[in-house]
Each structure stands twice: as C-alpha cells, then as structure tokens.
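Q: Please read through the structure below; I'll follow up with questions.
The values are calculated or read from the model by the stated rules, or taken from the named source; none is laboratory data. The model shown is predicted, which means the values in this text are computed figures rather than measured ones. We place every Cβ from the backbone using ideal geometry, glycine too, and count neighbours over all the protein chains shown.
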C-alpha cells in the first residue's frame with residue numbers, strides 16, 4: 001500500500017474526487033476531470049485519490065502484478081501538456097498474451113502505445129535505487145503494448161487527473177520473446193507500430209526518459225519514497241516509445257521493437 005508524502009487537501013475533497021472516478025468505473029461512462037476538486041493540492045493528493053479508487057474498484061483477492069510508468073516520452077507529454085512522469089498499478093487481470101483478444105467492453109476510450117516491459121527477478125532495495133540495482137534485478141525484458149484508458153471525458157487531463165485515475169491504466173499485452181537485459185541495447189531499440197497494417201507510431205528506446213532503464217530507476221525511487229518498493233516477479237511497463245494511437249473494436253495493432261521482436265493487440269469486434 002502506498003503512503004503519501006505530503007497530502008495537503010482535506011479528506012472530503014479527496015473522497016469526492018475518488019467518488020467521481022469510481023462512478024465512471026461503475027457506470028462505464030467517462031466523468032468530468034477531477035482537478036477542480038484537487039485545486040491547491042499536490043501530486044501526492046492525486047496519488048491518495050488513486051489509492052482510494054483502487055481500493056473501491058478492486059475485487060477481493062485481485063492480485064497486483066506490477067506497475068506502469070506513464071508520460072515518459074516527450075511525444076506523449078506534449079499530447080497531454082504535462083512535463084513529468086507518473087505511475088500506476090497493474091493487476092493480473094489486466095495482462096493478456098500476444099494476439100489474445102482484448103475485452104473491449106472493459107474499456108472506455110482506449111489508446112495504444114508500444115513499450116519495453118521489464119520483469120523483475122529479485123526485489124529492488126528499500127533505499128535510493130540505482131541503475132546498477134535495476135540491471136541486477138531484471139530477469140528479462142520483452143516487447144509490450146499498453147492499452148491506456150481514461151475515465152476522464154475526452155481525455156481532458158492534467159497530471160493530477162491522470163495520477164488520480166491510476167495513471168490512465170487499462171490493459172497490457174506482453175510479447176512471447178523474452179530477452180536478457182544484457183543481450184540488448186535498450187537505448188537503441190527501434191519501434192514501429194501498425195494498425196491494420198498501416199504504420200501509426202514510431203520511436204526509439206531513447207525516447208523513454210533517455211533510456212528505458214532510467215524510467216524504471218525513476219519509478220523504483222518514486223515508490224520507495226511512498227513505502228511500496230518494487231519486488232520480485234513484478235512486471236514494469238517502462239513507458240511509451242512513441243505517440244499514443246486511438247483504438248476501436250476490430251483494430252489489430254502490431255508493434256515491432258527491434259531487436260525484441262513483435263507483439264500484437266487484437267481488439268475484439270463487439
């Protein structure tokens with residue numbers, strides 16, 4: 001469970017923001033942004049809302065599978081007018097395999113991004129985390145597609161809105177070709193993503209905070225500060241390598257991450 005560092009707002013406003021997002025989850029209808037309720041607060045207030053929403057929307061026994069990092073590339077930051085990364089929680093029921101049909105009924109406003117997923121083989125330390133720590137702890141890396149989603153109407157978000165909304169998490173797809181991190185240069189990864197055969201997004205590993213490992217180091221330190229360090233077995237989605245692309249039922253996305261191979265996200269039609 002995360003702890004907040006410096007929440008500033010009264011509990012009534014935190015509760016109201018969480019209730020707005022929970023209502024969107026429950027009804028399947030996007031809601032108004034929550035930044036009005038968080039005005040004058042800090043990003044830690046938004047993470048507190050995130051915790052309340054996850055507690056209210058997670059069935060008993062739902063297993064945490066990992067974390068996701070958002071807003072790591074300049075392309076995505078410019079799309080949403082933000083200037084810093086954020087993070088959210090991944091659950092096991094969000095994970096799908098290569099070409100496994102995705103349940104579009106669980107999504108409101110899906111968008112797709114290609115990235116590198118890290119799978120940890122050991123706990124990261126409960127102290128300031130270094131690049132060397134991440135390299136030692138990573139069991140393997142694999143190509144991934146994240147299906148981000150927003151409970152905020154028309155993706156009208158600021159950093160406070162997306163943090164409160166579990167970093168706009170939706171679903172994710174892992175490729176089937178794991179590689180040892182020592183065998184690939186993630187900085188030089190080349191990504192091309194197609195939708196129904198047409199190229200719609202391109203990027204490189206360098207677009208992810210300069211290097212995907214940098215993003216995982218950032219995340220590891222951010223969650224240590226909040227009392228929830230990364231642990232063995234967790235999947236870490238390190239952040240988009242290129243612009244997000246809207247998805248619709250019937251779409252098939254294929255992301256090629258050279259040299260990590262390909263991964264496909266199939267949006268069930270209907």
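Q: I want to confirm something. Restricting to segment 42-81 and keeping residues that are at pLDDT below 85 and touching a helix residue (DSSP H, G or I) at 6+ places or on another chain (Cβ under 8 Å), which single residue is nearest to residue 156 (Cα to Cα)?
A: 80
Q: Related question: Going by the structure shown, is residue 150 at pLDDT 95 or above and closer than 30 Å to residue 9 by Cβ?
A: Judged against the criteria, residue 150 is a match.
Q: Given the structure, is residue 192 modelled with pLDDT of 95 or more, more than 30 Å from residue 13 (Cα to Cα), in a strand (DSSP E or B) and in contact with a helix residue (DSSP H, G or I) (Cβ under 9 Å, 6 or more places away or on another chain)?
A: no
Q: Check 132, 167 and return the single one that is more than 26 Å from residue 96 (Cα to Cα) and assigned to a helix (DSSP H, G or I).
A: 132
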